């Protein structure tokens, strides 16, 4: 099975030896094996795991869409970072800023935006590994 993970900035992953893929679909985690039924789904904040013949690749994503065909998956992600590319210090700072905004609960702060920022930062830290 093949996979392409594309963001507005670049192609993050392109592989043709995919054994299994986990996607953070809006309705819950979605597992895909070769020969999967054709579908399109929206993605939320979470982990994309691509199991290749030589080992897994984990990525943090902030959402997007996936098209699943029997022998190919195309992910159009808002963002996607391999675990090795995540700047842990930057993600910690982003999580702290979002947590401060959520704690203050000031009228001029967009709470939904602060919650989304916190979720994205926490996801990046989880994918990057133990703190």
Of 59, 43, 13, the most mobile residue in a GNM of the chain (C-alpha springs, cutoff 10 Å) is 13
Length gained, residue 36-residue 71, 0.36 nm per residue minus C-alpha separation, equals 11.8 nm
Using the 10 angstrom Cβ neighbour count as an exposure proxy, how do 18, 88 rank, fewest first? 88, 18
With labels modelled as points extended 7 Å from the Cα through the Cβ direction, what inter-label distance (nm, one decimal) is found for residue 119 paired with residue 15? 2.6
Got a sec? How would 92, 101, 9 order by Cβ neighbour count within 10 Å, fewest to most? 9, 92, 101
Ordering of 21-34, 72-85 by burial proxy (mean other Cβ atoms within 10 Å per residue, highest first): 72-85, 21-34
Spin-label point model (7 Å from Cα, Cβ direction): what's the residue 6 to residue 109 distance in nm? 3.8
Pick the calculated Rg and Dmax of the Cα atoms in Å for this structure from (1) 15.8, 51; (2) 37.0, 104; (3) 14.3, 42? (1)
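Restricting the count to DSSP beta bridges whose residues both fall in the chain, what percent are antiparallel, rounded to a multiple of 5?
On the way: 34 of 39 bridges.
Restricted to the chain, the bridges split so that about 85 percent are antiparallel.
Laboratory data are not the source of any read-out in this text; all were calculated from the coordinates shown. Since this is a predicted model, take the numbers as computed values, not measurements. Note: ideal-geometry Cβ built from the backbone for every residue, glycine included; neighbour counts use all protein chains shown.
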